[in-house]
């Protein structure tokens, strides 16, 4: 799949519950720090409008799923060991946590908004810990991790840049390639900072820390899942959202436990519910005892009523569509029947960065298509478009290439 979203946070905040709910996998869930030691990997989905209804056809999805006109497109998720303060120095499972996150394109930081877990992830009284402190500490740990990598051999690299006239962006990109940080990320980060690009040897440790912070922001965007939202008042949660927003973060009220309960109730045939929906319907069936019914009514009253959803699907889609700025396109080989070589209708849905061109899509489908690109055809208008045609969300495109 290529793209990966890291589910991060300190221990015991509902991180693995979030991961399990979002991926419908079976990550180990328990109420104590460091339950997750080896990273769990799974597949989450983002929703998109499938063109099957528009064209009144029955689609045959190959790399995704379609549920009644909603295309579910897979995204890889990784749930890593809980992070504690000074993880960048190896405290807790710090080094493992950070290594597991190298290939993540973005983070969902799960925070206990109820303030019921201390900085180490131990249970404390609800409201006794400030959830915004957790956001600050995780940001700091990631930035110090980045800085530690940049700092290694920095003097030699800075001198080489000045003596040989090499671009510092290129040299840093080579150094940070293992973190999936590209030259354009570094260029964008440096543009935001007032650093002397032709004299990097003059940069202080404080400058390098600011660069690390900006690189995290640019190269690995992060959303805050304000988990356990049912345990705090709406006013208290709104105050946390406001404080986070003033520091440049997006906070989403979330109840991973409610999402997991609903998905499991769906699997047992007890409710009708689609992830991301603003409501669910309790079925009048056997197997729904008084306790389960009460639990479902609690979810409706304390999660859906005040917040509109469990927030889990919203977090995933905010990351993919807003933070990573991706759109969905549907490549086909026959623009009249919307099929591929096997005759499958609307077989593939691809997530591509906004601003991608027809040629970019050709390369994403197959290198040979990109290299042999002749033209593309918009299946809606049947117009021929060139290699530099900028793709729009929901486009259905046929690539014509030399064979």
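The values are calculated or read from the model by the stated rules, or taken from the named source; none is laboratory data. These numbers were taken from a predicted model, which means no experiment stands behind them. Counting neighbours? That spans all protein chains shown, and the Cβs are built from the backbone with ideal geometry, glycine included.
Number of residues in the range 331-341 that are part of a loop (DSSP other than H, G, I, E, B) and either at pLDDT below 95 or touching a strand residue (DSSP E or B) at 6+ places or on another chain (Cβ under 8 Å) (or both): the value is 6.
Can you find a residue in the range 229-243 that is assigned to a loop (DSSP other than H, G, I, E, B) and in contact with a strand residue (DSSP E or B) (Cβ under 7 Å, 6 or more places away or on another chain)? No.
What are the residue pairs meeting all of these: first residue in the range 285-300, first residue at positive phi, second residue surrounded by 10 or more Cβ atoms within 10 Å (Cβ to Cβ), Cβ atoms under 9 Å, and 6 or more apart or on different chains? Short answer, once both residue conditions are applied: 287/268; 287/269; 287/270.
Taking only the range 60-79 into account, find how many residues are more than 29 Å from residue 109 (Cα to Cα) and at pLDDT below 90. Going through the range 60-79 one residue at a time, the tally reaches 0. Restricted to the range 199-210, and to residues there that are surrounded by 17 or more Cβ atoms within 10 Å (Cβ to Cβ) and in contact with a helix residue (DSSP H, G or I) (Cβ under 6 Å, 6 or more places away or on another chain), the residue that is farthest from residue 117 (Cα to Cα) is 200.
Which ones in the range 281-294 are assigned to a helix (DSSP H, G or I) and surrounded by fewer than 16 Cβ atoms within 10 Å (Cβ to Cβ)?
Of everything in the range 281-294, those that are assigned to a helix (DSSP H, G or I) and surrounded by fewer than 16 Cβ atoms within 10 Å (Cβ to Cβ) turn out to be 290, 291, 293, 294.
Report yes if some residue within the range 80-97 is at pLDDT below 90, in contact with a helix residue (DSSP H, G or I) (Cβ under 6 Å, 6 or more places away or on another chain) and assigned to a strand (DSSP E or B); otherwise report no. Looking for residues that are at pLDDT below 90, in contact with a helix residue (DSSP H, G or I) (Cβ under 6 Å, 6 or more places away or on another chain) and assigned to a strand (DSSP E or B), one finds none in the range 80-97, hence no. Residue check: residue 274 meets all listed conditions (1) surrounded by fewer than 18 Cβ atoms within 10 Å (Cβ to Cβ); (2) in contact with a helix residue (DSSP H, G or I) (Cβ under 7 Å, 6 or more places away or on another chain); (3) at pLDDT below 95 but one, namely (2). Looking at the range 33-44, can you tell me whether even one residue there is farther than 30 Å from residue 143 by Cβ and either touching a strand residue (DSSP E or B) at 6+ places or on another chain (Cβ under 6 Å) or at pLDDT 90 or above (or both)? No, that holds for no residue. The single condition among (1) part of a loop (DSSP other than H, G, I, E, B); (2) surrounded by fewer than 22 Cβ atoms within 10 Å (Cβ to Cβ); (3) at pLDDT below 95 that residue 57 does not satisfy is (3).
Considering the range 245-280, and only residues there that are part of a loop (DSSP other than H, G, I, E, B) and out of contact with any strand residue (DSSP E or B) (no Cβ under 9 Å at 6 or more places or on another chain), the residue that is nearest to residue 72 (Cα to Cα) turns out to be 277. The number of residues in the range 222-241 that are within 30 Å of residue 192 (Cα to Cα) and buried (at least 19 other Cβ atoms within 10 Å of the Cβ) comes to 6.
Considering only the range 335-348, I want to know if a residue exists there that is surrounded by fewer than 16 Cβ atoms within 10 Å (Cβ to Cβ) and under 30 Å from residue 108 (Cα atoms). No, there is no match, as no residue in the range 335-348 is surrounded by fewer than 16 Cβ atoms within 10 Å (Cβ to Cβ) and under 30 Å from residue 108 (Cα atoms).
Just to check your reading of the model, which residue among 169, 162, 155 is assigned to a helix (DSSP H, G or I), exposed (fewer than 12 other Cβ atoms within 10 Å of the Cβ) and touching a residue at least 12 places away in the same chain (Cβ under 8 Å)? After ruling out the rest, the residue left standing is 155.
A quick yes/no check of all residues on (1) at pLDDT 90 or above; (2) within 24 Å of the chain's Cα centre (by Cα); (3) part of a loop (DSSP other than H, G, I, E, B); (4) outside the structural domain of residue 234 (by TED's automatic domain parsing):
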site: 107; (1), (2), (3), (4): yes, yes, no, no
site: 120; (1), (2), (3), (4): no, no, yes, no
site: 125; (1), (2), (3), (4): no, no, yes, no
site: 133; (1), (2), (3), (4): yes, yes, no, no
site: 145; (1), (2), (3), (4): no, yes, no, yes
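Among the residues of the range 189-198, is any in contact (Cβ under 8 Å) with a residue 40 or more places away in the chain, in a helix (DSSP H, G or I) and surrounded by 15 or more Cβ atoms within 10 Å (Cβ to Cβ)? Among the residues of the range 189-198, not one is in contact (Cβ under 8 Å) with a residue 40 or more places away in the chain, in a helix (DSSP H, G or I) and surrounded by 15 or more Cβ atoms within 10 Å (Cβ to Cβ), which makes the answer no.
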